[in-house]
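Here it is, the structure in full.
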Amino acid sequence: MTAQLIDGLVLANQLKTAIAQKTAHYYDQHHLKPGLAVVLVGNNPASEVYVRNKIKACEQVGFISCFIQLEESTSQENLLNQIKKLNQDPAIHGILVQLPLPKHLDSHQVIEYIDADKDVDGFHVSNAGLLMTGTPLFIPCTPYGVMKMLEQTGVQIEGAEAVVVGASNIVGKPQALLLLQQGATVTLCHSKTKNLASHCKRADILIVAVGKPNLITADMVKTGAVVIDVGINRLENGQLCGDVHFDTVKQVAGYISPVPGGVGPMTITMLLHNTLHAFKKTLALP
């Protein structure tokens, strides 16, 4: 068999069209637009690409975008002052600080300094707690995008055996919570997990987010499983690949997401979704 492709680019474009239509409607009614601020510290080439893509996406849907780039050597105090200004700016509804930050900066303090009502990444401890209790304000963008991709397949999550490989605060943990809230039986694997293959082989839904090229091979995947590859890695020859060995796993899985063109576009789209949500909440719009 050959798996059906879960095309994140197509789905993202559909969702962005809907966001653009809502943005235009609200502008017609209230003459206001959602505003997203992106803060980048340093000159990390990968981060610069991500930031450019986010700014471009804002323009595509009619948002106001604000880009602040600080020197690699910027101080914690200066970065927090920039965030404070954005917290107080009524034209900015979402604030995103591009990670990772330079090692001399305290990422945890930076994230906690963002107004929780503008934390469209969903990383603030208040938003993490709301997600834990099943009443999220903002769902972290990558796991949110994965859930939309699963929804597109039509596969039933309730009662399914779901395995998440990778236990980060950004993807793995919130992903496990979202699946659990939809009734899946969830196993969360990580670097200390023994016999990873045996866990993956049980999965009706397998989500991989560890940053290790081609970690998951066909012999680790249950026939007909839904496989979503969150990883993105650059090989020595310059090619991009995921954490899943796409060419062999697609012969076993029922559905599979590609890299690139899978989860990546959805992450940015859900950032736009969260920013629109913050805008509506601020103005008490329906």
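What are the pairs, 6+ residues apart or on separate chains, where a residue within segment 135-146 that is farther than 16 Å from ILE95 by Cβ has its Cβ under 6 Å from a residue that is at pLDDT below 95?
none
Further question on the same structure: Select from segment 243-272 the residues that are open to solvent by less than 20 Å² (accessible area, probe 1.4 Å), under 19 Å from PRO213 (Cβ atoms) and polar (S, T, N, Q) and list them in ascending order.
The answer is SER257, and nothing else.
Tell me which residues, restricted to segment 219-234, are touching a Cys at 6+ places or on another chain (Cβ under 6 Å) and either among the aromatic types (Phe, Trp, Tyr) or modelled with pLDDT under 95 (or both).
ASN233
Give just the number: which of (1) loosely packed, with under 13 Cβ neighbours inside 10 Å; (2) outside any loop (DSSP other than H, G, I, E, B); (3) touching a residue at least 60 places away in the same chain (Cβ under 8 Å) does GLU59 not satisfy?
Every listed condition holds for GLU59 apart from (3).
Let me ask something additional. For segment 1-43: of the residues being closer than 16 Å to LEU276 by Cα and hydroxyl-bearing (Ser, Thr, Tyr), which is least open to solvent (accessible area, probe 1.4 Å)?
THR23
Still on this structure, please answer the following. State which residue pairs qualify: first residue free of Cβ contacts under 8 Å to residues at least 40 places away in the same chain and more than 13 Å from ASP121 (Cα to Cα) and inside segment 244-273, second residue of a type in the set (Ser, Thr, Tyr) and open to solvent by 20 Å² or more (accessible area, probe 1.4 Å) in any location, beta carbons under 6 Å apart, and separation of 6 or more residues or different chains.
Partner pairs satisfying both residue conditions: HIS245/THR217.
Here are some conditions: (1) part of a helix (DSSP H, G or I); (2) under 24 Å from VAL51 (Cα atoms); (3) open to solvent by 30 Å² or more (accessible area, probe 1.4 Å). PHE279 meets all but one. Which one does it not meet?
Only one criterion in (1) part of a helix (DSSP H, G or I); (2) under 24 Å from VAL51 (Cα atoms); (3) open to solvent by 30 Å² or more (accessible area, probe 1.4 Å) is unmet by PHE279, namely (3).
Scan segment 44-56 residue by residue and report those that are closer than 23 Å to LEU15 by Cβ and without any contact (Cβ under 8 Å) to a residue 40 or more places away in the chain.
Once the filter is applied, which keeps residues that are closer than 23 Å to LEU15 by Cβ and without any contact (Cβ under 8 Å) to a residue 40 or more places away in the chain, segment 44-56 yields VAL49, ARG52, ILE55, LYS56.
One line per residue, one yes/no per condition, for (1) over 24 Å from LEU99 (Cβ atoms); (2) in contact with a Ser or Thr (Cβ under 6 Å, 6 or more places away or on another chain):
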site	(1), (2)
LYS173	no, no
THR187	yes, no
SER198	yes, no
HIS245	yes, yes
VAL249	yes, no
TYR255	yes, yes
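Going by the conditions given, is ALA20 in contact (Cβ under 8 Å) with a residue 40 or more places away in the chain and small (Gly, Ala, Ser)?
Spelling it out, ALA20 is indeed in contact (Cβ under 8 Å) with a residue 40 or more places away in the chain and small (Gly, Ala, Ser).
Which of (1) farther than 12 Å from GLU161 by Cα; (2) buried (at least 19 other Cβ atoms within 10 Å of the Cβ); (3) among the hydrophobic types (A, V, I, L, M, F, W, C) does LEU240 not meet, given it meets every other one?
(2)
Take segment 243-268 and flag every residue that is under 15 Å from VAL230 (Cα atoms), in a helix (DSSP H, G or I) and not hydrophobic (A, V, I, L, M, F, W, C).
GLY264, PRO265, THR267
Per-residue answers, yes or no, for (1) in contact with a strand residue (DSSP E or B) (Cβ under 8 Å, 6 or more places away or on another chain); (2) in a helix (DSSP H, G or I); (3) closer than 24 Å to VAL259 by Cα:
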residue: LEU9; (1), (2), (3): no, yes, yes
residue: ASN13; (1), (2), (3): no, yes, yes
residue: GLN29; (1), (2), (3): no, yes, no
residue: LEU36; (1), (2), (3): yes, no, no
residue: SER47; (1), (2), (3): yes, yes, yes
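The values are calculated or read from the model by the stated rules, or taken from the named source; none is laboratory data. Keep in mind that what you see is a predicted model, and the values were worked out from it rather than measured. Every residue, glycine among them, receives a Cβ derived from its backbone with ideal geometry; neighbour counts consider all protein chains shown. Side chains are part of the model used for accessible areas, which takes the heavy atoms of the whole protein and leaves out ligands, DNA and RNA. Shrake-Rupley method; radii C 1.70, N 1.55, O 1.52, S 1.80 Å.
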